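*Asks:* One structure, pasted below without further comment.
Readers should treat all values here as calculations from the given coordinates under stated rules, not as data from a laboratory. Bear in mind the structure is a predicted one, so any value in this text is a computation, not a measurement. Counting neighbours? That spans all protein chains shown, and the Cβs are built from the backbone with ideal geometry, glycine included.
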Amino acid sequence: MDPLKHQTQHNSVSQKKHKPIADVALLLEGTYPYIRGGVSSWVHQILNGLPDLTFALIFLGGAREHYGDMQYELPDNVKHLEVHYMMETSLEGNPRARPGNAEKFADMRELHRAFKRNDIIKPEVMQSVFNSLGAADGITKEDFLFSEQAWKTITEDYQQYCTEPSFIDYFWSVRIMHAPLFMLSDIARKAPPVRMLHTISTGYAGLLGVMMSQQRDIPLLISEHGIYTKERKIDLAQANWIHDPVDAMGSNLQADSGYIRQMWIRFFEALGRMAYQQATQIISLYDGNRQRQITDGAPEQKCQVVPNGIDPERFTKLREQRPEALPKVLGLIGRVVPIKDIKTFIRAMRVVCDRMPDAEGWIIGPEDEDPTYVQECKSLVESFGLENNVKFLGFQNIADVLPKLGLMVLTSISEAQPLVILEAYAAGIPCVATDVGSCRELIEGLTEEDKALGAGGTVVSIADPEATAQAALELLGDEDKWLAAQHAGLKRVSQFYTLERMFSTYRDLYLDSLEKSSWPELDLK
Amino acid sequence: MAGIGFEIRKILNKQSLLSVLEAYGYAALIGSGPWVLSVIGVMIIGILSFGLVLPQSLIIQFLVSVTYLMASSLILTGVLQLMFTRFIADRLFENKQHIIFSNLMGALWLTIAVSGIFGTLVLWLLFDESLIYEMLMLANFVVLCGLWIVVIFLSSMKAYRAIVALFLIGYLIAVVAALSLTAFGLPGLLAGVLLGHGFLFFSFLYLIVREYPGEHFVSFDFTQRRQVFLSLALTGLFFNAAVWIDKFIFWFTPETSQAVIGPLRASLIYDLPIFLAYLSIIPGMAVFLVRMEADFAEHYDNFYRSVREGDTLEHIWYLKDRMIYTARQGIYEIFKVQGVTVMIVLLLGKDILELIGISTLYLRLLYIDVVGVSMQVLLLAILNVMFYLDYRRLALGVCALFFFANALLTVLSIELGAAFFGYGFAVSVTLTVLVGLYLLSRKLDRLEYETFMLQGR
């Protein structure tokens, strides 16, 4: 009999003695309930929107000092919260010579070879590695830090793969990179019994999901708002704590980054691929991200889009507050930062005002994040002589502002699924948005049924003030067209982008997974 | 400590026959340890005062008294020697020269206090001699203990010409003073030795203070828990005790010894050959110093620099191999030089004994002792590599083995009869060398694994 299988069975049997304390464990990396933001609001909505399910929260932070008090009041269906800080992983211990388990190290190297080949990882290899990680008869943290097998692995891999000269840099990178995995395996072992797992990112939380799912044989759901691997790549490309070797032969023509940097990127890619492979369902906010997940190794049949939603009822009153005449006001709701490309909005306003001198452009959002950029924007307005047309309103309650707008404009160079478009629709305002994230889906529709509703505005390319102005003038200057867009937007949001729809989709996903779970149901229900 | 290594390297770089002689001569002087020089100095005093001091038994009393002073002071300061050497080496590595002086003063005050109390107690409880004899013994003891602490610094200093000159002057003072005080008998000879050692102590202290000026007068950082390597204290104690244990056993076995003065006993049959044998290690010690302090230290630095400063693994391995190669070469060369020395003693031993007027009955014991002390030089080289690589537990184990093996086998050799005298020491030190070599080479195979994986051990 396969010893690994035996071990897994033993594991799950022993754990089944305990009743699960919640249906779903949410694995949260650096978000809810300690950090405010889009993802956290979404988690809070899900928790409140599905009161018949119970949740356990496992929060993974970086350094303890980056997190203050809890930012949300946890609803009653949250039965458990535990908090861990990855930066507190220590590389110390009791440095004593030890041989290390050759068999388990061989499995672990098999896993790494699969990463390097971009292969599917054999289920039995993944099972062996994650059941032995941190286990006394497997590979403990001490084995990783001090054993001869670990040394053999590090030196052989260095010789075979590393193209950078400094062995000590390679050596420490490997240690620093992998040490948190032992903390995760410890968290995975000690976490309370639950019936399924839902991680809100790949990365460390995703890996924790893989470990718990492997160790306990329970379903794993992944929801990604952004794409974790892509964000990490951007961080790592700019990280100055990794120093690339200087090529003695002069400048590096290929401009490729050093091996250590690549190694870190591959590390997060591997975390992502393992999570995708282990997951039962992989959810993204819009189709662009779904494609990206597939490129990053997610099996297509597991991928599904579940967009965020809003409650259109909340905006009915705002629609009623709208004035008779169409206000010639273009609104941009967002932080004044470069990624929102406020300057393109201002340049577009110049074109609009040339043709429609009474038009106004309102920039609505906090200005404290990037004061230099704010100043540049304000100077640009002055240089165009648009002081009377373009206004910086700062942070506003959107309920006060929305009825006064004639058009919502989004000039961002990067977005995921911007809720402002949905809110504008619900408040009866068409949108002009750049072709980023899910904007095209939101404006033109995704499915045939959706597209048949018509366009809720216009999609323009990024950094194109001329086209942006043209689209705005067409909508503001043609009342019929404007009304058609308003109608399409309203229909689209209430048909495809309601909170209710999001809740019911997630409820179905959860119930489906819970049905497959090898764990007994909760008695509480 | 590398100071001497650089100097020897500089002399050797002149690449003339004379410079080689100079380098090895200097290395022999520093390396064979002041205590070999002391043996020579004291022997010269003994031989020259022959006929000047009467009765002749006084000269024997003098030689035995000084031998006990050497043995007890070396064993007592053995606790501090390695520990303090390591402390100084670490501070020099950290470029904290300014705290060296105050800690030297701390170490000296501690040594003087402990040796003073210890000496007083021993003299008061066990001796019933003239006050002047006991006072001189106490003074000699304290000065010798201080001198062993001070000479730790010699291998770190650059002023080697001054050191050579001071040694010569010091022993000249001892010999001249002792001979001119022969009228006072035993106290006169002891006073001569005291003057010589006192001169050496204070003049070396002066050299050190000149090289490492300090801000505070006394501090005891070297006794702080974080700085203390208990294993080094024990290693120093075991090594020095091991070197002397066979002598003590012979001195205090009634069949092999006779009372000389007060409680002090000597073994005429055992002592003379072994002290003569110790003179034969001088060439080996010179090679030891050049190979270990210059060559090995250099390759050791290269290896650890390549580890710290981000070299490729291949190059780290290459430098490790180079380092091990130099260690092996060093040990091999000591083996060769001592081998030749042993051959010479085997060939000429009889003539040498006859020349200095010693009975050839001692010849067989001299042969086996020459082999034993040559092995002791190899043991020093092995221990030195262990100290460099910070294998403290290994060094402690080896020294403990030396001590217990020497004690056990010496007792056994006495049981077995006169034909086996000397084998206890020679066999135990040879055994220790073989075990040490085996353990060291096993440890070196894992050097890079331990260097990287077991940091902060």
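*Asks:* Give the residue from A:F268, A:A191, A:L220 lying farthest towards the positive end of the charge dipole for chain A; charges sit on Cβ (+1 for Lys and Arg, -1 for Asp and Glu) and the dipole is referred to the Cα centre.
*Replies:* So the residue we want is A:A191.
*Asks:* Taking the alpha-carbon distance from A:K19 and a cut-off under 26 Å, which lysines remain once sequence neighbours fewer than 8 residues away in the same chain are dropped?
*Replies:* A:K5, A:K79, A:K190, A:K516, A:K525
*Asks:* Find the Cα radius of gyration of the stretch A:327-370, compare it with 2.2 N^0.38 Å by division, and give the number to two decimals.
*Replies:* Relative to the 2.2 N^0.38 Å estimate, the stretch A:327-370 comes out at 1.20.
*Asks:* Calculate for chain B the 222 nm mean residue ellipticity that helices alone would give, adding -39,500 (n - 2.57) per DSSP H run of length 4 or more and normalising by residue count, nearest 500 deg cm²/dmol.
*Replies:* -26500 deg cm²/dmol
*Asks:* Got the relative contact order for chain B handy, in percent, Cα pairs under 8 Å and 6 or more residues apart?
*Replies:* 20
*Asks:* Please list the non-local residues whose amide H lies under 5 Å from the amide H of A:L133, H modeled 1.01 Å from N, same-chain partners needing a gap of 5 or more.
*Replies:* Residues meeting the criterion, in which the H sits 1.01 Å from N, are A:I139.
*Asks:* Can you tell me how the stretch A:391-514 classifies by the Cα gyration tensor, rounded, prolate or oblate, using a/c under 1.5 as the rounded cut?
*Replies:* Here the stretch A:391-514 falls in the prolate category.
*Asks:* State, to one decimal in nm, how far the label point of B:F93 lies from the label point of B:E255, with both points 7 Å from Cα in the Cβ direction.
*Replies:* Output for this residue pair reads 5.0 nm.
*Asks:* Non-local amide H neighbours of A:E360 (under 5 Å, H modeled in plane, Pro and chain starts lacking H): which ones?
*Replies:* Here the answer is A:V329, A:L330, since their amide H atoms fall under 5 Å of that of A:E360.
*Asks:* Still on this model: Reachable lysines from A:K404, Cα under 23 Å, same-chain residues fewer than 8 places away excluded?
*Replies:* Straight-distance partners of A:K404: A:K317, A:K328, A:K340, A:K343, A:K378, A:K391, A:K481, A:K491.
*Asks:* Still on this structure, please answer the following. Please express the shape of chain A as an equivalent ellipsoid: the semi-axes are the square roots of 5 times the eigenvalues of the C-alpha gyration tensor, given largest first in whole angstrom.
*Replies:* 47, 29, 19
*Asks:* What is the mean number of Cβ atoms from other protein chains located within 10 Å of the Cβ atom of each residue in peptide B:447-455, rounded to a whole number?
*Replies:* So the per-residue partner count for this stretch is 6.
*Asks:* Follow-up question, since we're still on this one. Report the trypsin sites (Lys or Arg not before Pro) located in the stretch A:89-122 that are in a DSSP loop and have at most 14 other Cβ atoms inside 10 Å of their Cβ, or state none.
*Replies:* Within the stretch A:89-122, the qualifying trypsin sites (Lys or Arg not before Pro) (loop, at most 14 other Cβ atoms within 10 Å) are A:R96.
*Asks:* A further question follows. Can you give the net charge of the other residues whose Cβ lies under 11 Å from the Cβ of B:S156, counting K and R as +1 and D and E as -1?
*Replies:* -1
*Asks:* Another question, if that's okay. Kindly list the residues of the stretch B:310-329 that lie in the label zone of B:D445, defined by a backbone N under 20 Å from the point 7 Å along the Cα-to-C-beta vector.
*Replies:* It comes to B:317-329, nothing else.
*Asks:* Which is farthest toward the positive dipole end of the protein assembly as shown among B:G424, A:S494, B:V218, measuring Cα position about the Cα centre, with Cβ charges +1 (Lys, Arg) and -1 (Asp, Glu)?
*Replies:* So the residue furthest toward the plus end is B:G424.
*Asks:* When averaged across all projection directions, what area in nm² does the alpha-carbon convex hull of the stretch A:104-236 cover?
*Replies:* 8.9
*Asks:* Let me ask something else. Determine which lysines satisfy two conditions relative to B:K14: a Cα distance under 29 Å, and not lying fewer than 8 residues away in the same chain.
*Replies:* The qualifying lysines are B:K158, B:K320, B:K336.
*Asks:* Separate question: Which order do the peptides A:371-378, B:59-66 come out in when sorted by mean C-beta neighbours inside 10 angstrom, highest first?
*Replies:* Final packing ranking: B:59-66, A:371-378.
*Asks:* Same structure again: All other residues with a Cβ under 15 Å from the Cβ of B:H216 taken together, and with Lys, Arg as +1 and Asp, Glu as -1, what is their net charge?
*Replies:* The answer is 0.
*Asks:* Given +1 on the Cβ of Lys and Arg, -1 on the Cβ of Asp and Glu, and no further charges, what dipole in debye does chain B carry about its Cα centre, rounded to the nearest 20?
*Replies:* 580
*Asks:* Also, quick follow-up: Using +1 on the beta carbon of Lys and Arg, -1 on that of Asp and Glu, and nothing else charged, what's the dipole of the stretch A:273-329 about the Cα centre, debye to 20?
*Replies:* Result for the stretch A:273-329 is approximately 120 debye, rounded to the nearest 20.
*Asks:* Then there is this: Return the calculated 222 nm mean residue ellipticity for chain A, to the nearest 500 deg cm²/dmol, obtained by summing -39500 (n - 2.57) across DSSP H runs with n ≥ 4 and dividing by the residue count.
*Replies:* -15000 deg cm²/dmol
*Asks:* Moving on. Taking 8 Å as the Cα distance limit and 6 or more residues as the minimum spacing, I'd like the relative contact order of the stretch B:402-453 as a percentage.
*Replies:* RCO, the stretch B:402-453: 30 percent.
*Asks:* Per-residue Cβ counts within 10 Å, from other chains only, averaged over A:136-147: what number is that?
*Replies:* Mean partner shielding for this stretch: 1.
*Asks:* Of the options A:S173, A:V24, A:G297, report the single residue whose Cα projects farthest towards the positive end of the charge dipole of chain A (beta-carbon charges: Lys, Arg +1; Asp, Glu -1).
*Replies:* Of the options given, the answer is A:V24.
*Asks:* Step through the residues of the stretch A:203-216 one at a time and calculate ³J(HN,Hα) from phi using the Karplus curve (6.51 cos²θ - 1.76 cosθ + 1.60, θ = phi - 60°), rounding each to whole Hz and writing x for Gly and Pro.
*Replies:* Each residue of the stretch A:203-216 in turn: x, 5, 4, x, 5, 4, x, 4, 4, 5, 5, 5, 5, 10 Hz.
*Asks:* Nearest 5 is fine: what % of DSSP beta bridges in the protein assembly as shown come out antiparallel, could you say?
*Replies:* Bridges in the protein assembly as shown that DSSP calls antiparallel: roughly 5 percent.
*Asks:* Enter the per residue convex hull volume of the protein assembly as shown, computed from alpha-carbon coordinates, in Å³ rounded to the nearest integer.
*Replies:* 239
*Asks:* Taking each residue of A:167-180 in turn, how many C-beta atoms of other protein chains fall within 10 Å of its C-beta, and what is the average?
*Replies:* The shielding value for this peptide is 2.
*Asks:* When the Karplus curve 6.51 cos²θ - 1.76 cosθ + 1.60 is applied with θ = phi - 60°, which whole-Hz ³J(HN,Hα) does each residue of the stretch B:238-249 get, with x for Gly and Pro?
*Replies:* For the stretch B:238-249, the Karplus curve yields 4, 4, 5, 5, 4, 5, 9, 4, 5, 5, 4, 4 Hz.
*Asks:* Follow-up. Contour minus end-to-end for A:N397 and A:Q375, with contour as 0.36 nm per residue of separation and end-to-end as the Cα-Cα distance?
*Replies:* So the extension gain works out to 5.6 nm.
*Asks:* State to the nearest 20 debye the size of the charge dipole of the stretch A:455-516 about its Cα centre, where the only charges are +1 on K and R beta carbons and -1 on D and E beta carbons.
*Replies:* So the dipole magnitude of the stretch A:455-516 works out to roughly 320 debye.
*Asks:* Going from the alpha-carbon gyration tensor of the stretch B:295-416, what semi-axes, largest first and in whole Å, does one get by taking the root of 5 times each eigenvalue?
*Replies:* In descending order the semi-axes read 39, 19, 9 Å.
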